[in-house]
Amino acid sequence: MTERVETQGISGEHYNFAYLDEQTKRMIRRAILKGIAVPGYQVPFAAREMPMPYGWGTGGVQVTAAVIGKNDCLKMIDQGSDDTTNAVALRNFFVETTGVDTTTKTKDASIIQTRHRIPEENLTKDQVLVYQVPIPEPLRFLEPRETETRKMHALEEYGLMHVKLYEDIAKFGHIATAYAYPVMVQDRYVMDPSPTPKFDNPKMDQMEALQLFGAGREKRIYAIPPHTKVVSLDFEDHPFEVTKFEQPCAICGAEEIYLDEVILDDAGNRMFVCSDSDFCEERRDVGHVGHLGTNPLEAEGND
Amino acid sequence: MSLDIQNSEDLPLLQVSNTTKLYGGRIGCKDVSFDLYPGEVLAIVGESGSGKTTLLNCLATRLTPTSGSVNYRNRMGQMRNLYEMSEAERRMLMRTDWGFVHQHPADGLRMTVSAGANVGERLMAVGARHYGNIRDTATDWLGRVEIAEDRIDDDPRAFSGGMRQRLQIARNLVTAPRLVFMDEPTGGLDVSVQARLLDLLRGLVADLGLSVIIVTHDLAVARLLSHRILVMRHGHVIESGLTDQVLDDPQESYTQLLVSSILQP
Ligand SMILES: Nc1ncnc2c1ncn2[C@@H]1O[C@H](COP(=O)(O)OP(=O)(O)O)[C@@H](O)[C@H]1O
Ligand SMILES: [Mg+2]
Ligand SMILES: [Zn+2]
């Protein structure tokens, strides 16, 4: 029997809960379960048209729509920030179609959908991290044939991934790949965490939260279940290294976290601040300050 | 069957029995049988359309024969039917024990990655994970195929036809294969470039003690490189034997025709 799960949005329109019909959600859940059962394996799924363009994360949206329930609390981030156009639009989409609570606080969220970053704060077993993925196939760069890449995954023929890293070192003297840095999942499948910065790769390893990846245009879903081994590929003499930032966050003083460069004025003044805006705010709330003191962007005249 | 590793030098590396490939009703190759021994260079000759490429591809597992069997003696001395192996085993053979040199280098190279990575790929495919060692081996192999060391980071699009073909050869030989298949390796090259490549090939094959099956329509190439020869016509092997004997004293009238037309100035 099909359950009727309707929501009336703020706009007054009626939607099936989370926009997708129940049958589609079940189909996506089956793909997700398969992905969880075979960590890192790309599961094809019959992606649906969503009321937004592909570049907007339709894969992630469908995954979130399939797992979200009435009692969930959703956080939506793009480049670590909750306030970009993309994050706001997707958050509003779920508010409209589900009526669930939303938050910008990492620790209050039960589902976090992200476009690039993994939050700085450790995620827990009660959370699900949903990634919006543009290009799921790590081998695509050197092997355009889908039949061939599938075979390579099936037979664990991953030499090509190292060819890519070899090229980096030959050209730049080090592994210059900074985003979409390939990882080996549970010693079996090579996976593209695209477009996450490699800074976040170590967080994927043994993470307590469930990680789900959705690629809308390419119609693929994959997953990393909690406590799964995730290793960034490298060479013995060029080991994987996370991006290092020279200075701490200018406004909260945090070190060894991922920073964004922010232009302050026309004179070209700039500062480096936490890319994870919630993390930064939490720190400032409890009294941490960086060398610029208060946030120059929040100074008088801005509010 | 007893496995006598000591004597595997005297045993065939490849045993081909009644290999047939039909394209619908048309014959690609028919009932081909022969043994190839370690260190032996076998040339498959014949005019265009005679079935040389079809046969080669059937032997190299690039094309499944309609009937017949192809057995290969692995490094453990066991004779294995190639078409009863798993695909994983076959693909492993192809990137370790075997090489395949295509007529058109672009079919055998990765045109968008550097020469060094082209040579290093097979090493990485079998687990090499030390950049410095991979690069040293690639440098060494580029030298052996007469490509200047300072071209190691250039991609093959910047190479001449002859250089590309030499790069393709290095890329294949880097894992010290036991058996190399070649389909008209000098085919698309200028005569002077061909001569240099043939010299190089002859040296490498002798140094490495390679077993080679080479397809060519050029009897001069067969003469220079091969110990034995198979002459094909309409998909059948019509004559075979030691290269010099077949070319100096062809028995079949078709072979006589081939030889005379080639040897005429
Ligand atoms: N893919 C194919 N489909 C149908 N016929 C083919 C195919 N490939 C080759 N043939 C035919 O098989 C015969 C042998 O071809 P081929 O092995 O390419 O000869 P060679 O390499 O000696 O020129 C020819 O008659 C050719 O037209
Ligand atoms: Mg041919
Ligand atoms: Zn901060």
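The values are calculated or read from the model by the stated rules, or taken from the named source; none is laboratory data. Worth saying up front: this structure is predicted, and the values here are computed from it rather than measured. We place every Cβ from the backbone using ideal geometry, glycine too, and count neighbours over all the protein chains shown. In case anyone asks, the SASA skips ligands and DNA or RNA and just uses the protein heavy atoms, side chains included. Shrake-Rupley method; radii C 1.70, N 1.55, O 1.52, S 1.80 Å.
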Solvent accessible area, Å² - A:F17, 1.4 Å probe, full protein context:
20 Å²
Cα lying deepest toward the dipole's positive end in chain B, options B:G235, B:G108, B:V180, charges on Cβ:
B:G108
Go through the range B:13-27 residue by residue and turn each phi into a ³J(HN,Hα) via Karplus (6.51, -1.76, 1.60, θ = phi - 60°); whole Hz please, and just put x for glycine and proline.
7, 9, 10, 10, 10, 6, 6, 10, 10, 9, 9, x, x, 8, 7
Need one word for the protein assembly as shown: rounded, prolate or oblate. Basis is the Cα gyration tensor (sqrt eigenvalues a ≥ b ≥ c); a/c below 1.5 gives rounded, then a/b vs b/c decides.
prolate
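With viscosity set to 1.567 mPa s and temperature to 4 °C, compute the Stokes-Einstein D of chain A, Rh being the Kirkwood radius across alpha carbon pairs; µm²/s, no decimals.
Numbers: Rh = 20.4 Å.
Translational diffusion coefficient: 63 µm²/s.
Provide a whole-number value for the mean count of partner chain Cβ atoms within 10 Å of the Cβ atoms in peptide B:117-124. The partial results should precede the final answer.
On the way: counts 10, 1, 0, 6, 6, 1, 3, 10.
Mean shielding count: 5.
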Looking at the square roots a ≥ b ≥ c of the eigenvalues of the Cα gyration tensor of the range A:182-243, which shape do they give, rounded for a/c under 1.5, prolate if a/b is larger than b/c, or oblate?
prolate
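For B:L230, B:L11, what's the largest-to-smallest order of accessible area, 1.4 Å probe?
The ordering from most to least exposed comes out as B:L11, B:L230.
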A:R220 long-range amide H proximity, modeled H, under 5 Å:
A:F45, A:A215
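What do you get for trypsin sites (Lys or Arg not before Pro) in the range B:67-128 restricted to DSSP loop and a cutoff of at most 13 other Cβ within 10 Å of the site's Cβ?
Details: sites: B:R73, B:R75, B:R80, B:R90, B:R91, B:R95, B:R110, B:R122; in loops: B:R75, B:R110.
Answer in residue order: B:R75.
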Label point 7 Å out from A:S11 along Cα-to-Cβ: which residues of the range A:88-129 have amide N under 15 Å?
A:89-99
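Considering only DSSP beta bridges with both partners in the protein assembly as shown, what is the antiparallel share in %, to the nearest 5?
Details: 46 of 78 bridges.
In the protein assembly as shown, approximately 60 percent of DSSP beta bridges are antiparallel ones.
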Roughly speaking, what is the centre-to-centre gap between the range B:134-151 and the range A:140-183 when only Cα atoms are used, to the nearest Å?
22 Å
I'd like the Karplus ³J(HN,Hα) series for the range B:207-217: coefficients 6.51, -1.76, 1.60, θ = phi - 60°, whole numbers in Hz, and an x wherever there's a Gly or Pro.
4, 8, x, 6, 8, 9, 10, 10, 8, 8, 9
Quick check: the distance between the Cα centres of the range A:193-271 and the range B:189-260, to the nearest angstrom?
58 Å
Under 14 Å Cα to Cα from A:K164, which aspartates and glutamates show up? Leave out anything in the same chain fewer than 8 places away.
A:E137, A:E143, A:D192, A:D234, B:E121, B:D153, B:D155
Ignoring any ligand, DNA or RNA, what whole percent of the accessible area of the range B:164-265 comes from carbon and sulfur when the probe is 1.4 angstrom?
50 percent
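R0 = 60 Å: FRET efficiency of A:E22 with B:I238, Cβ-based, nearest 0.05?
Taking R0 as 60 Å, the efficiency between A:E22 and B:I238 is 0.30.
Given a Förster distance of 45 Å, report the FRET efficiency between A:L33 and B:D207 from their Cβ-Cβ distance, rounded to the nearest 0.05. Can you show the working numbers first?
Details: r = 56 Å, r/R0 = 1.24.
Computed FRET efficiency for A:L33 and B:D207: 0.20.
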From the helices alone, meaning DSSP H stretches of at least four residues, give me the mean residue ellipticity at 222 nm for the protein assembly as shown, per-run term -39500 (n - 2.57), in deg cm²/dmol to the nearest 500.
-9500 deg cm²/dmol
Just read off the accessible area of B:D249 with the full protein assembly in place, 1.4 Å probe, to the nearest 10 Å².
90 Å²
Express as a percent, rounded to the nearest 5, the fraction of DSSP beta bridges in chain A (both residues included) that run antiparallel.
60 percent
Which ³J(HN,Hα) values in Hz, rounded to whole numbers, follow from the phi angles of the range A:103-118 under the Karplus curve 6.51 cos²θ - 1.76 cosθ + 1.60, where θ = phi - 60° and Gly and Pro get x?
8, 9, 7, 3, 6, 8, 7, 9, 10, 10, 9, 9, 9, 10, 8, 9
Cα-projected label distance for B:R75 with B:H130, points at 7 Å along beta-carbon direction, nm
1.8 nm
Starting from the Cα of A:A154, step 7 Å along the direction of its Cβ; do the same at B:A106; then give the gap between the two resulting points in nm.
2.9 nm
Over the heavy atoms of B:S69, what accessible area does a 1.4 Å probe trace out, to the nearest 10 Å²?
30 Å²
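Please arrange A:S277, B:S261 by accessible surface area, largest first, computed with a 1.4 Å probe and ligands excluded. Don't skip to the end; give the middle numbers.
On the way: A:S277 35, B:S261 70 Å².
These residues rank, largest area first, as B:S261, A:S277.
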Filter the cross-link list A:K219/B:K21; A:K107/A:K229; A:K125/A:K151; A:K171/A:K244; A:K75/A:K229; A:K107/A:K151 down to pairs whose alpha-carbon distance in this structure exceeds 29 Å.
A:K219/B:K21; A:K125/A:K151; A:K107/A:K151
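Using only Cα atoms, what is the ratio of the radius of gyration of chain B to 2.2 N^0.38 Å? Intermediate results must be reported in sequence, preceding the final value.
On the way: Rg = 18.5 Å, N = 265, 2.2 N^0.38 = 18.3 Å.
Relative to the 2.2 N^0.38 Å estimate, chain B comes out at 1.01.
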From most to least accessible, 1.4 Å probe, no ligand or DNA/RNA atoms counted, B:Y37, A:Y222 line up as B:Y37, A:Y222
Full-extension gain between B:E84 and B:E47, please, as 0.36 nm times their residue separation minus the C-alpha to C-alpha distance.
10.1 nm
